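Derivation of every value follows stated rules applied to the coordinates shown; laboratory data play no part. Nothing here was measured: the structure is a model prediction, and the numbers come from that model. Ideal geometry is used to build each Cβ from the backbone, glycine not excepted, and the neighbour counts take in all protein chains shown.
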Amino acid sequence: MTMDAGSEEIENSLGQYELELDFKSTDADTFGLELFESETEGLVLEFDRKAQTVCLNREKFAAAFGGEFGFVRSSSLKIDDTVKVQVFADRSIAEIFINDGEVVFTARVFPKEESNGIKLFSDGKISFSYKKHELNQGISM
């Protein structure tokens, strides 16, 4: 699939899933995805081709916690034409593996019930492909 500058949503109705995503950038300088997305919340993973960095920002949650340790994590990353992202998400945690573990992020979040969207974004033309697998709940509460 190809997307011009802007955003596109990936259908998601459950709170737990595995997402395998390949970005193939053609002219985007910044691109990424937002997990647990709603009008008021979201966990943002952003790639910056010019700076050769990736950032994970968890400050956009009503139930934000741990601010004394910071809400943004970043790492250097050689961003070529293709970036591979694998996400494991459930109702309160996201495990994110970039380029087969070259960079790994773990984030604990407490989103509102309606915050379960997945949105891709880019400031230029980008191609992407993805597979999403819905996961069953392991422990009933």
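What the table shows:
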| item | result |
| --- | --- |
| Under 20 Å between alpha carbons - lysine pairs in the chain that sit 8 or more apart or on different chains | 19 |
| Length released on extending from A5 to S127, taking residue separation times 0.36 nm less the Cα-Cα span | 42.8 nm |
| Whole-percent pair-distance distribution, where bins are 10 Å wide, for the alpha carbons of the chain | 12, 44, 36, 7, 1 |
| Dimensionless Rg over Rh [region 1-58; C-alpha; Kirkwood] | 0.95 |
| Inter-label distance for L135 and R108, nm, one decimal - labels placed 7 Å from Cα along Cα-to-Cβ | 1.6 nm |
| Loop-exposed trypsin sites (Lys or Arg not before Pro) per DSSP, neighbour cap 16 Cβ within 10 angstrom, longest uninterrupted part of the chain | 1-49 |
| Neighbourhood net charge (11 Å Cβ-Cβ; Lys/Arg +1, Asp/Glu -1) for K132 | -3 |
| In nm, spacing of pseudo-spin labels at S74 and F97 (7 Å Cα→C-beta vector) | 2.6 nm |
| With at most 15 neighbouring Cβ atoms within 10 Å, loop GluC sites (Glu not before Pro) (DSSP) excluded, longest segment of the chain | 40-101 |
| Environment charge of L33, counting only residues whose C-beta is closer than 13 Å and scoring Lys/Arg +1, Asp/Glu -1 | -4 |
| Fully extended contour minus Cα-Cα distance, from S13 to F88, at 0.36 nm per residue | 25.5 nm |
